[in-house]
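Participant: Sharing a structure with you now.
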Amino acid sequence: MTDPAVETVFRQHYGRAVAVLVRLLGDIDAAEEAVQDAFVTAVARWPSNGVPPSPAGWIITTARNRAIDRLRREGSRADRYAQAALLRADPGPVEEGPVPDDRLRMVFTCCHPALAVPAQVALTLRLLGGLTTAEIAAAFLVPEPTMAQRLVRAKGKIRDARIPYRVPSEADLPDRLPAVLAVVYLIFTEGHRATSGERLVREDLCAEAIRLGRLLAALMPDEPEVLGLLALMLLTESRRASRTTAAGELVLLADQDRSLWDPALIAEGQDLVRRCLRRNRPGPYQVQAAINAVHSDAETAANTDWRQIVALYDHLLAVTPSPVVALNRAVAVAEVDGPALALVLVDELALTRHHVFHAVRADLLRRVGRSAEAAEAYGTALSLTGNEPERAFLQRRLSSLG
């Protein structure tokens, strides 16, 4: 993308365009290629012709026409022309069913049980979020070539197994739910703290994840984990205005101006947490939402109930044991029992490819006076992140060590 207007539309509408084209074509690769062709055309035309009144509609229509042209150009058999004729015709009303939204239906389609859960999540991030292979690899903490192979295999499995592009029945929705929730949360996570780029936050991805979360909550209102995920995203999003300075510099939670937190999102998120608690079916998203609710209850950072947060992380570790959860728990332990004990816990974790691990470890080393080791850890964290506000923050911390 070389034109800012096209790049904005790409980030906001790529997933929608791909979802519509997959519904029309029944082929992921063909849909992606058609949408990418449309954006190439936009780059060539929009700077001189101007952005059309409905950019997303323009992209979808152009992608559809490009797909028709390719079918006619590359196919000589009768079925190719039949497919092109079908595309020329009015596609008719959107299929009705338990999942009425194209993008949400695309999530459920990618989360077919024939695919392994990591492949389901990675493929949906690629198609719906428009994330690059590098960004998805960073989210999974795996090398980029590994993720590229995973995406190719996932699309090949869908093609070779002729997995249908259709809405799952209501009976099948619960089986697809864990992967769908993971996808929506990873889209939000990438938006909340972008893997790379000039800005800390990608507001378009945050908004899309919350939109999907609201659709899921309307679709499955009796699933507490759905409500928990929505609450988690709303409570996290409520702090967005305070997470950076006017110049775009990163601001840590302890230093944020809490008067900038969004009270409406906090109230909605806390209400969802209370609804989850009444159901007494705790899951990982509900526990994470409860942790964020504790933060939102504190008028100042000094008033945060860190002991309750540690207890919630203990419960989260029991439900979902993972080194990332253990890392977050160690941050809370540092506030209760001091950085020395937290450092012992952090040094037991195997997260060497995760820049946040090195940043947390560097901060703990700094707080216990081990400046040389802290400087080395900050340097490692710098080498592992491509997000400029994070890099600038880490560089300031490194410089402060002298």
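Participant: Do we find that LEU351 is open to solvent by 50 Å² or more (accessible area, probe 1.4 Å) and at negative phi in this structure?
Facilitator: no
Participant: Which residues, taken from the stretch 127-139, are modelled with pLDDT under 85 and either open to solvent by 50 Å² or more (accessible area, probe 1.4 Å) or hydroxyl-bearing (Ser, Thr, Tyr) (or both)?
Facilitator: Hit for the stretch 127-139 is THR132, nothing else.
Participant: If you don't mind, another one. Name the residue, out of LEU235, LEU260, that is under 15 Å from ALA209 (Cβ atoms), out of contact with any Cys (no Cβ under 9 Å at 6 or more places or on another chain) and not acidic (Asp, Glu).
Facilitator: Within the list LEU235, LEU260, the selection yields LEU235.
Participant: Sticking with this structure for a sec: Working carefully through the options VAL273, VAL360, find the one that is within 30 Å of VAL142 (Cβ to Cβ) and of a type outside the set (Gly, Ala, Ser).
Facilitator: The match here is VAL360.
Participant: Hey, another quick one. Would it be correct to say that SER259 is of a type in the set (Ser, Thr, Tyr), part of a loop (DSSP other than H, G, I, E, B) and open to solvent by 20 Å² or more (accessible area, probe 1.4 Å)?
Facilitator: no
Participant: Something else about it: Where the second residue is modelled with pLDDT of 95 or more and among the acidic types (Asp, Glu) and the first is within 14 Å of SER400 (Cβ to Cβ) and open to solvent by less than 60 Å² (accessible area, probe 1.4 Å) and lies in the stretch 356-384, which pairs have Cβ atoms under 7 Å and are six or more apart or on separate chains?
Facilitator: LEU365/GLU373
Participant: Which residues, taken from the stretch 1-54, are assigned to a helix (DSSP H, G or I), of a type in the set (Ser, Thr, Tyr) and open to solvent by 40 Å² or more (accessible area, probe 1.4 Å)?
Facilitator: Once the filter is applied, which keeps residues that are assigned to a helix (DSSP H, G or I), of a type in the set (Ser, Thr, Tyr) and open to solvent by 40 Å² or more (accessible area, probe 1.4 Å), the stretch 1-54 yields THR8, SER48.
Participant: Which of the residues that make up the stretch 297-330 are polar (S, T, N, Q) and more than 22 Å from the chain's Cα centre (by Cα)?
Facilitator: Answer for the stretch 297-330, where residues must be polar (S, T, N, Q) and more than 22 Å from the chain's Cα centre (by Cα): THR300, ASN303, THR304, GLN308.
Participant: From the list GLU223, GLU190, pick out the single residue that is charged (D, E, K, R), buried (at least 18 other Cβ atoms within 10 Å of the Cβ) and touching a Lys or Arg at 6+ places or on another chain (Cβ under 7 Å).
Facilitator: Result of the check over GLU223, GLU190: GLU190.
Participant: Just checking: which of the helices (runs of 4 or more DSSP H) contained wholly in the stretch 285-402 hold 2 or more residues that are among the charged types (D, E, K, R)?
Facilitator: 306-319, 323-337, 355-367, 371-384, 388-400
Participant: Keeping to the stretch 385-398, report how many residues are open to solvent by 50 Å² or more (accessible area, probe 1.4 Å) and either without any contact (Cβ under 8 Å) to a residue 24 or more places away in the chain or under 18 Å from LEU351 (Cα atoms) (or both).
Facilitator: Going through the stretch 385-398 one residue at a time, the tally reaches 3.
Participant: Moving on to the next point. Identify all residues within the stretch 299-345 that are surrounded by fewer than 14 Cβ atoms within 10 Å (Cβ to Cβ) and in contact (Cβ under 8 Å) with a residue 40 or more places away in the chain; write none if there are none.
Facilitator: Result: GLU299, THR300.
Participant: Right, next: Of the residues in the stretch 112-124, how many are surrounded by 24 or more Cβ atoms within 10 Å (Cβ to Cβ) and modelled with pLDDT under 80?
Facilitator: Here the count works out to 1.
Participant: Here's a check for you: in the stretch 55-68, which residue that is under 14 Å from HIS13 (Cβ atoms) and among the β-branched types (Val, Ile, Thr) is surrounded by the fewest Cβ atoms within 10 Å (Cβ to Cβ)?
Facilitator: Among residues in the stretch 55-68 that are under 14 Å from HIS13 (Cβ atoms) and among the β-branched types (Val, Ile, Thr), the one surrounded by the fewest Cβ atoms within 10 Å (Cβ to Cβ) is THR61.
The values are calculated or read from the model by the stated rules, or taken from the named source; none is laboratory data. None of these values were measured; they are calculated from a predicted model. Cβ atoms come from the backbone with ideal geometry, glycine included; neighbour counts cover every protein chain shown. Accessible surface is based on the protein model in full, side chains and every heavy atom, while ligands, DNA and RNA are left aside. Shrake-Rupley method; radii C 1.70, N 1.55, O 1.52, S 1.80 Å.
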